[in-house]
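S.K.: Could you have a look at this structure, given as structure tokens, before my questions?
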Amino acid sequence: MNVTFCCTDTKAEPWLAGLRMALPHAHVSEWQPGAPPADHAVVWAPPQQFLDEQTRLKGLFNIGAGVDALLKLRLPPHAKVVRLDDAGMSVQMAEYVCHAVIRHFREFDGYEADVAHSKWSYRKPRMRADFPVGVMGLGVLGERVARALRQFDFPVHGWSRSPKTIEGVVGHSGAAQLDGFLASCRVLVNLLPLTPDTRDILNHRTLSLLRPGGYVINVARGAHLVDDDLIALLDNGHLAGATLDVFRTEPLPAAHPFWTHPRITVTPHTSARTLREESIAQIAGKMLALERGEPIAGLVDPVRGY
Ligand code: NAP
Ligand code: GLV
């Protein structure tokens with residue numbers, strides 16, 4: 001079995017070493033233009049030339065959960081596209097989102113500002129019932145986040161394409177239930193994949209439906225959010241703040257207003273990192289399963305877009 005590795009912005013050596021350990025009978029190498037086609041590929045943002053050369057590929061393994069960038073390319077015709085299926089990401093995402101929700105709800109950002117001026121000040125306790133949280137996307141990451149938020153007794157709503165039942169979470173599904181879902185929430189967490197149906201979904205109309213004093217946490221993709229609409233709703237007071245981990249252009253350009261907006265918290269696309277060891281174990285296991293003709297989880301449907 002031949003495995004090729006082609007990941008932009010990723011140090012190849014540790015991945016190659018890990019894949020060789022996990023697949024001792026495979027030939028694993030970093031892609032060079034013109035190399036013979038492989039049986040399986042491990043990729044992140046590969047060039048089109050790489051994909052065009054993979055004429056006999058069985059599995060195309062993306063080392064991230066989101067495949068929006070990969071699906072923009074012309075893919076080898078018979079390869080199964082496989083995304084990372086948790087591989088240690090869901091617990092990180094639950095940590096990040098719970099931290100952001102609790103930081104806002106408990107006003108820890110305000111306390112941090114007070115401490116900077118040696119100011120000892122209490123704030124009136126807020127009612128959890130006044131902070132219903134909505135999670136858009138109840139897949140591998142969204143479901144874990146929704147369950148984690150329930151552990152802190154927040155009222156939690158979820159929105160997905162197909163109906164989902166998660167204990168303690170009020171389910172909404174499909175385009176017809178989007179507005180009702182948004183109107184139920186004060187804090188909105190985006191964990192949707194980026195597809196033609198979800199691009200620009202966080203816009204002036206939809207964000208205006210959140211309860212007054214709304215808070216937006218975008219941890220999915222920058223192109224879900226219309227940047228100017230968020231700023232307008234923060235500046236007119238409908239929204240109280242936002243925590244943003246993903247951006248239309250990454251790294252976020254130095255002149256972008258998100259960096260300096262007083263009610264926006266920016267992190268550098270770090271809410272759920274790809275963990276190399278977990279990912280290699282998952283990918284190697286799935287390559288072997290495909291070789292044996294067994295079904296695997298985490299298959300992407302290129303038509304659906306995720
Ligand atoms: P997933 O398992 O594929 O879940 C996607 C969820 O979104 C599913 O519940 C799906 O509904 C729902 N959905 C898709 N299209 C929809 C639509 N048009 N309307 C309503 N719901 C829709 O994906 P995941 O592993 O949880 O990852 C989600 C996204 O997180 C990734 O695509 C990636 O962009 C982002 N991500 C970000 C980071 C980071 O560090 N910031 C890290 C990892 C991932 P069904 O359940 O009905 O299919
Ligand atoms: C990161 O953003 C991922 O999609 O895994």
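S.K.: With each run of n ≥ 4 DSSP H residues scored as -39500 (n - 2.57), what mean residue ellipticity at 222 nm is computed for the chain after dividing by its residue count and rounding to the nearest 500 deg cm²/dmol?
M.R.: So the calculated ellipticity at 222 nm is -9000 deg cm²/dmol.
S.K.: While we're here: For the range 239-285 and the range 143-216, what is the separation of their Cα centres, given in Å?
M.R.: What the calculation gives is 19 Å, centre to centre.
S.K.: Given an 8 Å cut-off on Cα distances and at least 6 residues of separation, report the relative contact order of the range 89-266 as a percent.
M.R.: 16
S.K.: If you place +1 on the Cβ of every Lys and Arg, -1 on the Cβ of every Asp and Glu, and leave all else neutral, what size is the dipole of the chain about its Cα centre, to the nearest 20 Debye?
M.R.: Details: 32 positive and 32 negative charges, 108 e Å.
Rounded to the nearest 20 debye, it is 520 debye.
S.K.: With +1 on each Lys and Arg Cβ and -1 on each Asp and Glu Cβ, and nothing else charged, work out how big the dipole of the range 191-250 is about its Cα centre, in Debye to the nearest 20.
M.R.: Values: 5 positive and 8 negative charges, 38 e Å.
So the dipole magnitude of the range 191-250 works out to roughly 180 debye.
S.K.: Moving on to the next point. State the extension gain, in nm to one decimal, for the chain segment bounded by Tyr122 and Asn203, taking 0.36 nm per residue of separation less the distance between their alpha-carbons.
M.R.: Length gained between Tyr122 and Asn203: 25.7 nm.
S.K.: Next question. Mind checking the angle between helix 12-22 and the chain's longest principal axis? C-alpha axes, 0 to 90 degrees, to the nearest 10.
M.R.: 70
S.K.: Ok, one more. How far is helix 276-291 tilted off the main Cα axis of the chain, in degrees rounded to 10, range 0 to 90?
M.R.: 50
S.K.: Here is a further query. Could you grab the relative contact order for the chain? Cα pairs under 8 Å, six or more apart, rounded to a whole percent.
M.R.: Answer for the chain is 17 percent.
S.K.: Can you tell me how the range 89-266 classifies by the Cα gyration tensor, rounded, prolate or oblate, using a/c under 1.5 as the rounded cut? Each step should come with its number before you reach the end.
M.R.: Numbers: a/c = 1.61, a/b = 1.21, b/c = 1.34.
Because a/c hits 1.5 or more and a/b fails to exceed b/c, the range 89-266 counts as oblate.
S.K.: Continuing with the same structure: Which FRET efficiency, nearest 0.05, do Thr165 and Ala297 yield, Cβ-Cβ r, R0 22 Å?
M.R.: Taking R0 as 22 Å, the efficiency between Thr165 and Ala297 is 0.65.
S.K.: State the extension gain, in nm to one decimal, for the chain segment bounded by Met1 and Leu178, taking 0.36 nm per residue of separation less the distance between their alpha-carbons.
M.R.: Length gained between Met1 and Leu178: 59.1 nm.
S.K.: Where the only charges are on Cβ atoms (+1 Lys, Arg; -1 Asp, Glu), what is the dipole of the range 89-266 about its Cα centre, to the nearest 20 debye?
M.R.: On the way: 19 positive and 18 negative charges, 90 e Å.
My answer is approximately 440 debye.
S.K.: Pull up the DSSP beta bridges for the chain and report the antiparallel fraction as a percent, rounded to 5.
M.R.: Details: 2 of 44 bridges.
Around 5 percent of the beta bridges assigned by DSSP in the chain are antiparallel ones.
S.K.: How tilted is helix 140-151 with respect to the longest principal axis of the chain? Cα atoms for both, answer in degrees (0 to 90, nearest 10).
M.R.: 30
S.K.: If you count the DSSP beta bridges with both ends in the range 89-266, what percent of them are antiparallel, to the nearest 5?
M.R.: On the way: 1 of 27 bridges.
For the range 89-266, the DSSP antiparallel bridge percentage is about 5.
S.K.: Next question, about the same structure. Under a straight-distance cross-link criterion of Cα-Cα below 16 Å, which aspartates and glutamates are reachable from Lys286, leaving out those fewer than 8 residues away in the same chain?
M.R.: Asp39, Asp85, Asp86, Glu277, Glu278, Glu294
S.K.: Find which of Ile166, Leu70, Leu290 sits farthest along the positive direction of the dipole of the chain, computed with +1 on the beta-carbon of Lys and Arg, -1 on that of Asp and Glu, about the Cα centre.
M.R.: Of the candidates, Ile166 comes out farthest on the positive side.
Values in this text are rule-based calculations from the coordinates and carry no lab data. Note that the structure is predicted; figures quoted are calculated from it, not measured. A quick note on method: Cβ atoms are made from the backbone with ideal geometry, for glycine too, and the neighbour counts reach across all protein chains shown.
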